[in-house]
Amino acid sequence: MNLKKLSFFFLVLVSSHVFAGYQVIGPIKAQDCYDFGIQICGTKTVTEVRKDGRSYELVNYFENVDEYNSSKGLCHIITKSKGMGVFSWGVNALKKPDFWGYDKDGKFGKIDADYIYFKCIKR
């Protein structure tokens, strides 16, 4: 095999992995739950992300998701650590970004998202 063919083969092989990911289609939703002995959850629409006091636009592409349902074209990303007690609080305080958006009544505010989900296409 000559060098040109080998180079082309390598680029095709590498490029298929470089562009693998999930394209967001439509709005990003968040599952916001509170546990008072009984878990109460609501769905909210995420419109922005804040981290360290700075506001960021939502991305429309993720390289990785926690769950992909191909039959529904739905992606889930877990955003909150749970089940490790006080340690989970620390992890969430250090790593979890602040999501902001609207609830079903159109009220804007901070969202304590357990996970986000969105319609997606696997690329």
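The values are calculated or read from the model by the stated rules, or taken from the named source; none is laboratory data. Keep in mind it's a predicted model, so treat the numbers as computed, not measured. We place every Cβ from the backbone using ideal geometry, glycine too, and count neighbours over all the protein chains shown.
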Somewhere in segment 51-67, is a residue exposed (fewer than 15 other Cβ atoms within 10 Å of the Cβ), in contact with a His (Cβ under 9 Å, 6 or more places away or on another chain) and touching a residue at least 24 places away in the same chain (Cβ under 8 Å)? yes
Among the residues listed as Phe118, Phe108, the single one being within 14 Å of the chain's Cα centre (by Cα) and either of a type in the set (Lys, Arg) or at pLDDT 80 or above (or both): Phe118
Among the residues in segment 29-44, are any surrounded by 10 or more Cβ atoms within 10 Å (Cβ to Cβ), modelled with pLDDT of 90 or more and aliphatic (A, V, I, L, M)? yes
Mind checking which residues of segment 71-88 are modelled with pLDDT of 95 or more and assigned to a loop (DSSP other than H, G, I, E, B)? Ser71, Lys72, Gly73
